[in-house]
Amino acid sequence: MKISSEFSKYASHYGSHNVIQNQVLKRLLEKTKYEPKNILDLGCGSGALCRSIEWHYKHFTGVDFAPGMLELHPKSKKIECVYGNFNDITLFENLLTYRYDYIFSASALQWAEDLNTVFKYIKKFNVPISLAIFTSNTFKTLNDTASLKPLLRTIDEVNELQRKYFNAEFEVVNYKLEFESVRDMFRYIKQSGVSASRSVLSYKQIKQLMREYPLNYLEFEVVFITSR
Ligand SMILES: C[S@@+](CC[C@H](N)C(=O)[O-])C[C@H]1O[C@@H](n2cnc3c(N)ncnc32)[C@H](O)[C@@H]1O
């Protein structure tokens, strides 16, 4: 297991709540050793991966369960957007009737209800993969400060599962994103797709957390699973 870290500063005027997701995507593509022609992207969002592909490909299928995201996804004769939920095995049964030669998923599979089943189905395609998944030390200090249990799976849980199905290269990257103000930081948490909306904290508790949070940055932990 390789471990590395990256640091960046959030620029509020730039207004992007996808800073980390964009870094994750960049790294995922850098780690991808192939230039596949028939691509499947699970949890494609508004198409960041599709837009980043610079090589010539034949067909790109992006799957997401958020219609608002799919609307923003690029579309063309060779780009297909599929409305589907990766927690529903009928999605995979349908997709398995097509041929893909590569499976990507960036910043999405942390929301798999049953990652074992999702990996089992990904394995059935029998093609190389590049997956980036957020893990439990994301927002670690924030969770510790608020005495919240992490929502996401640990590195070891994901590694154990990937070894069962893929035995791929496994890298952990810790990201730190620094903010100018606590207010910017909490706005980012709310807007980024990473935290999932969990309204376990009352307004008063959030105010307290904002006062007590000891860092000027947020922590993110992401595992990269890429075929050798
Ligand atoms: C953080 S965004 C990442 C989007 C894109 N892959 C990127 O790197 O910019 C996570 C995406 O996963 C999608 N997603 C989450 N759970 C899903 C599910 N069960 N089935 C399909 N898509 C899902 C969300 O709708 C969202 O578009």
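Which longest run of the chain has no exposed loop site in it, a site being chymotrypsin sites (Phe, Trp or Tyr not before Pro) in a DSSP loop with at most 11 other beta carbons within 10 Å, and the site itself not part of the run? Provide the component values of the computation, followed by the final result.
Numbers: sites that count: 14, 55.
That gives 56-228 as the longest site-free run.
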Self-check item: Whichever lysines have a C-alpha closer than 17 Å to that of residue 124, once near sequence neighbours (fewer than 8 apart) are set aside
Solution: 164
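Can you give the Kirkwood hydrodynamic radius for the stretch 52-116, in Å, rounded to one decimal and based on Cα pairs?
Details: mean 1/r = 0.0760 Å⁻¹.
It is 13.2 Å.
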Quiz item: Counting DSSP beta bridges in the stretch 1-149, what percent are antiparallel, to the nearest 5?
Solution: 5 percent
Quiz prompt | Estimated vicinal HN-Hα couplings, Hz - the stretch 103-117 in sequence order (Karplus 6.51, -1.76, 1.60; Gly, Pro = x) | solution = 10, 10, 7, 10, 6, 10, 6, 5, 8, 5, 5, 10, 5, 4, 5
Quiz item: From a point 7 Å beyond the Cα of residue 164 in the direction of its Cβ, which residues of the stretch 92-132 have a backbone N at a distance under 12 Å?
Solution: 114-121
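Loop-only check: which GluC sites (Glu not before Pro) in the stretch 1-107 are DSSP coil with at most 10 other Cβ within 10 angstrom? Before the final figure, lay out the partial values.
On the way: sites: 6, 30, 54, 71, 80, 93; in loops: 54.
Listed in order of number, the matching sites are 54.
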Quiz prompt | Relative frequency of Cα-Cα separations exceeding 20 Å in the stretch 6-71, percent | solution = 37 percent
Quiz item: Considering the dipole of the stretch 115-228 built from charges on the beta carbon (Lys and Arg +1, Asp and Glu -1) around the Cα centre, which of 139, 121, 175 is farthest to its positive end?
Solution: 121
Exercise. Please list, or write none, the lysines whose alpha carbon is within less than 18 Å of the alpha carbon of residue 176, excluding same-chain residues fewer than 8 places away.
Key: 2, 9, 26, 140, 190
Quiz item: What is the Cα coordinate range of the stretch 1-127 on the first, second and third principal axes, sorted by size from largest, in whole angstrom?
Solution: 44, 37, 28
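Write down the Kirkwood hydrodynamic radius of the stretch 113-188, to one decimal in angstroms, obtained as one divided by the mean of 1/r over all alpha carbon pairs. Can you show the working numbers first?
Numbers: mean 1/r = 0.0683 Å⁻¹.
The answer is 14.7 Å.
Rg/Rh for the chain to two decimals, with Rh computed the Kirkwood way over all alpha-carbon pairs.
Details: Rg = 17.8 Å, Rh = 18.4 Å.
Answer for the chain: 0.97.
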Practice problem: Round to the nearest 10 and give me the degree value, 0 to 90, for the angle of helix 155-165's Cα axis relative to the longest principal axis of the chain. | Solution: 10 degrees
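Bear in mind that the values in this text are calculations on the coordinates, not laboratory data. Note that this is a predicted model, so its numbers are computed, not measured. Cβ sites come from the backbone with ideal geometry, for glycine too, and all protein chains shown count toward neighbours.
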